[in-house]
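Worksheet: the structure to be examined is printed underneath.
The values are calculated or read from the model by the stated rules, or taken from the named source; none is laboratory data. Because the structure is a prediction, the values reported are computed rather than measured. FYI the Cβ positions are ideal-geometry reconstructions off the backbone, even for glycines, and counts take in every protein chain you see. Heavy atoms of the whole protein, side chains included, go into the accessibility calculation; ligands, DNA and RNA do not. Shrake-Rupley method; radii C 1.70, N 1.55, O 1.52, S 1.80 Å.
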Amino acid sequence: MNESGLLKHFLRQLGLVPTWQFGDVYGLDAEVLSLVPRPVCAVLLLFPITEKYETFRQEEEAKIKAQGQELSSDVYFMKQTIGNACGTIGLIHAVANNQRYLEFEPNSPLKAFLLTSAKMSPEEKAAFLEKDESIRVTHESSAQEGQTEAPSLDEKVDLHFIAFVNVEGHLYELDGRKPFPIVHGKTTEDTFLEDSAEVCKKFMARDPQELRFTVVALSKA
């Protein structure tokens, strides 16, 4: 099962009504992006954590701390404290920031998690997730649907998921390894996929020899 298939399965298990679904994005040029079902409300990027990326991440963090950035209070952001849970964190970021579009089953464990954690700090959300058995068990069972054995929680993995969302007309990068969301400028519902693709291209340009990039879009079914 590919990445979008695993994410679809995971969302179904967490009680999300499949009116929006994840699908693979096979290229980032305009012609290929035009084939992606619209509208798109979130984009997930799977990429390799390399020395070049880690150097950039540290420089980016220092620059933002020095210059500051304006963040919307409506952005749902959580830290990642569980090993190998970046896919779960990315999915939560994608869904949490698009609840106005999405539908949940009456007993959805994800909806319950989002309602309870809405006012928590990023660190409190992470601690709450550590104790949430329903999401952890669903994550583990969904991972077993894949073609390869799921990594243990403490196994070193050099691939990482992040999410891109549109909150109040601004493009946000949400990465639980970072101390805060990253604002990538203005966006609209119509240009969100293209704007996210431009940021994804920058990730790829930092490691031009790397091929391990996957882009997935959450689109209206």
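What are the residue pairs meeting all of these: first residue in the stretch 170-187, first residue farther than 20 Å from residue 88 by Cα and open to solvent by less than 40 Å² (accessible area, probe 1.4 Å), second residue among the hydroxyl-bearing types (Ser, Thr, Tyr) and outside any strand (DSSP E or B), Cβ atoms under 7 Å, and 6 or more apart or on different chains?
Sorted first by the residue in the stretch 170-187, then by its partner, the pairs are 171/187; 171/196.
Name the pairs: first residue in the stretch 92-119 and without any contact (Cβ under 8 Å) to a residue 40 or more places away in the chain, second residue aromatic (Phe, Trp, Tyr) and surrounded by fewer than 20 Cβ atoms within 10 Å (Cβ to Cβ), Cβ to Cβ under 8 Å, at least 6 apart or on different chains?
113/128; 116/128; 117/128
List the number of the failed condition for residue 59; all other conditions in (1) more than 16 Å from the chain's Cα centre (by Cα); (2) open to solvent by less than 70 Å² (accessible area, probe 1.4 Å); (3) charged (D, E, K, R) hold.
Only one criterion is unmet by residue 59, namely (2).
For the stretch 122-221, which fully contained helices (runs of 4 or more DSSP H) count at least 2 residues that are modelled with pLDDT of 95 or more?
Hits in the stretch 122-221: 122-131, 192-206.
So which residues in the stretch 37-57 are in a strand (DSSP E or B) and either of a type outside the set (A, V, I, L, M) or closer than 18 Å to residue 221 by Cα (or both)?
40, 41, 42, 43, 44, 47, 48
May I ask you to list the residues in the stretch 195-209 that are over 26 Å from residue 16 (Cα atoms) and either open to solvent by 50 Å² or more (accessible area, probe 1.4 Å) or among the small types (Gly, Ala, Ser) (or both)?
Matches in the stretch 195-209: 198, 201, 202, 204, 205, 206, 208, 209.
Could you list, in sequence order, the residues of the stretch 64-110 that are within 16 Å of the chain's Cα centre (by Cα), open to solvent by 20 Å² or more (accessible area, probe 1.4 Å) and among the hydroxyl-bearing types (Ser, Thr, Tyr)?
Within the stretch 64-110, just 81 meets the criteria.
Output the number of residues of the stretch 15-36 satisfying the condition of being aliphatic (A, V, I, L, M), surrounded by fewer than 17 Cβ atoms within 10 Å (Cβ to Cβ) and in a loop (DSSP other than H, G, I, E, B).
Counting residues in the stretch 15-36 that are aliphatic (A, V, I, L, M), surrounded by fewer than 17 Cβ atoms within 10 Å (Cβ to Cβ) and in a loop (DSSP other than H, G, I, E, B) gives 2.
Cβ-Cβ under 9 Å, sequence separation 6+ or interchain: first residue in the stretch 43-66 and under 24 Å from residue 166 (Cα atoms) and β-branched (Val, Ile, Thr), partner modelled with pLDDT under 95 and in a strand (DSSP E or B). Which pairs?
Close Cβ pairs (under 9 Å, with a partner that is modelled with pLDDT under 95 and in a strand (DSSP E or B)) do not exist here.
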